[in-house]
1. Answer with yes or no whether GLU371 is within 25 Å of the chain's Cα centre (by Cα), free of Cβ contacts under 8 Å to residues at least 60 places away in the same chain and open to solvent by 70 Å² or more (accessible area, probe 1.4 Å).
2. Restricting to region 240-254, give me the number of residues that are assigned to a helix (DSSP H, G or I) and either without any contact (Cβ under 8 Å) to a residue 12 or more places away in the chain or within 14 Å of ligand 1 (Cβ to nearest atom) (or both).
3. Exactly one condition in (1) under 19 Å from the mean Cα position of the chain (by Cα); (2) open to solvent by less than 20 Å² (accessible area, probe 1.4 Å) is not met by ASP152; state its number.
4. For region 344-403, which positions are of a type in the set (Lys, Arg), in a helix (DSSP H, G or I) and either modelled with pLDDT of 95 or more or farther than 29 Å from GLU117 by Cβ (or both)?
5. May I ask you to list the residues in region 92-117 that are touching a strand residue (DSSP E or B) at 6+ places or on another chain (Cβ under 8 Å) and open to solvent by less than 30 Å² (accessible area, probe 1.4 Å)?
6. Take VAL241 and tell me if it is assigned by the TED database to the domain that holds PHE178 and over 22 Å from VAL108 (Cα atoms).
7. Looking at VAL257, VAL282, VAL237, VAL208, can you tell me which residue is away from ligand 1 (no atom under 16 Å from the Cβ), part of a helix (DSSP H, G or I) and open to solvent by less than 10 Å² (accessible area, probe 1.4 Å)?
Amino acid sequence: MASSTASCLRALSRHTRVAQRLLTKKSFQTASYSLLARHQSVTNKRVLATRGLKTLDFAGSKEVVYERSDWPLAKLQNYFKNDTLALIGYGSQGHGQGLNARDNGLNVIIGVRKDGESWRQAIEDGWVPGESLFSIEEAIDRGTIIMNLLSDAAQSSTWSHISPLITKGKTLYFSHGFSVVYKDDTKVIPPKDVDVILVAPKGSGRTVRTLFKEGRGINSSVAVFQDVTGKAMEKAVAIGVAIGSGYMYETTFEKEVFSDLTGERGVLAAAIQGLFCAQYKVLRANGHSPSEAFNETVEEATQSLYPLIGEKGMDYMFNACSTTARRGALDWAPIFEATNRPVFEKLYESVKNGTETRKALEFNGRATYREDLAKELKEIDEQEIWRVGKVVRSLRPDYTPEH
Ligand SMILES: NC(=O)C1=CN([C@@H]2O[C@H](COP(=O)(O)OP(=O)(O)OC[C@H]3O[C@@H](n4cnc5c(N)ncnc54)[C@H](OP(=O)(O)O)[C@@H]3O)[C@@H](O)[C@H]2O)C=CC1
Ligand SMILES: CC[C@](O)(C(C)=O)C(=O)O
Ligand SMILES: [Mg+2]
Ligand SMILES: [Mg+2]
């Protein structure tokens, strides 16, 4: 234990020196603070619990996990010293993953349509045309690891054009199993002579960035579709760390896309909007004020109770409520489960048989996809429940005006 403690302290001082060096470079400043925190906490963890064991028991199922602590910054930088990460597409994930990998000291370039919205945003984030910002084709040409973060629809529509550029020796990376799994619809069939890997952050690209800046990490899944070099999984895990993952669990491309499309069409986004609206409307129809209906539906959920679930689980949240609430929650939870399970079965089938994929490809493949989505999202924003939400949020003592 004494020698392991001494080696951890040596590691800490090494990592601290690396981070301090980075502090002298302005573009690395924000991340460097989080790196200092990150290596401090990693080293502390090693001293307290020399685990090293990567197969964990998840409620009776054994799963392999990969942790950031196995990839200190110096090791990560050395691993990618001869690589250029060419990140194609600069939406939510392009922004988060690109900036994190750059702040981790890796050689990252961006490839997007010239003079589009992403081009503008990339410049705003400090990517420089001709130096670190290129057309899609030029970025692929310059890159060794091609990170395809175009929209899923654009991955399909651009494929015939960009696939000849993904030559032997390069690596093809995705953050979703979508393009490769639904190949009959997307026509994305990777070249046979490149590694094809996936790291799928389980959260928005915006959170990928904010968690990294806080010295924390997003959970991601990791998978290999094609292993030409024999090193594909190791490379995927290393990229996962580079883009800001805290820990990664293993999956396949198919399992990733089936679960992801189900999750976002279910509890993560669609189901929660449906549930909120249903309860809000019943309260309003029974004479409750907008204030009361919103507070009992959304504000209390997001500001008080859901964070408790995130902190310590559902029973902890139930226990933090009155015994009256606990009785009612215990009685009604199985009713909601039984009522909703058939909806989730239907949803899963629609994902598995490709219906959801074809809809996404058709809709987001339109030239007007941004405006079309914005129009429907505006309709949600204009629903009474969310108009009330704006007023309620403005009454929070720590409110800062929304734009
Ligand atoms: N959003 C998220 O948080 C998550 C996303 N993912 C996955 O990551 C990948 C990227 O998603 P996300 O970051 O949300 O990006 P978006 O789906 O918002 O796609 C945006 C990017 O696609 C480009 N694009 C769209 N149409 C075209 C086209 N016809 N030709 C060229 N470029 C085009 C846009 O460029 P332009 O501005 O020029 O239109 C922009 O750079 C997807 O596979 C997604 O499923 C995974 C986990 C979470
Ligand atoms: C929940 C939506 C998501 O799957 C995500 C942020 O993980 C997405 O595709 O954006
Ligand atoms: Mg997702
Ligand atoms: Mg998704």
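1. When the stated conditions are applied, GLU371 passes them.
2. Looking only at that region, the number is 2.
3. Of (1) under 19 Å from the mean Cα position of the chain (by Cα); (2) open to solvent by less than 20 Å² (accessible area, probe 1.4 Å), only one is false for ASP152: (2).
4. Scanning region 344-403 gives LYS346, LYS352, ARG358, LYS359, LYS375, LYS378, ARG387, LYS390, ARG393.
5. Result: GLY94, GLY96, GLN97, GLY98, ALA101, LEU106, VAL108, ILE109, ILE110, GLY111, VAL112.
6. For VAL241, the condition - assigned by the TED database to the domain that holds PHE178 and over 22 Å from VAL108 (Cα atoms) - is not met.
7. Exactly one residue qualifies, and that residue is VAL237.
Okay, residues lined up against (1) modelled with pLDDT under 95; (2) closer than 24 Å to THR252 by Cα; (3) outside the structural domain of ILE145 (by the TED database); (4) not charged (D, E, K, R):
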| residue | (1), (2), (3), (4) |
| --- | --- |
| ARG21 | yes, no, yes, no |
| ALA37 | yes, no, yes, yes |
| LEU48 | yes, no, yes, yes |
| ASP83 | no, no, no, no |
| TYR90 | no, no, no, yes |
| GLN93 | no, yes, no, yes |
| ASP103 | no, no, no, no |
| ILE109 | no, no, no, yes |
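The values are calculated or read from the model by the stated rules, or taken from the named source; none is laboratory data. Predicted, not measured: the structure shown is a model, and the values here were computed from it. We place every Cβ from the backbone using ideal geometry, glycine too, and count neighbours over all the protein chains shown. Accessible surface is based on the protein model in full, side chains and every heavy atom, while ligands, DNA and RNA are left aside. Shrake-Rupley method; radii C 1.70, N 1.55, O 1.52, S 1.80 Å.
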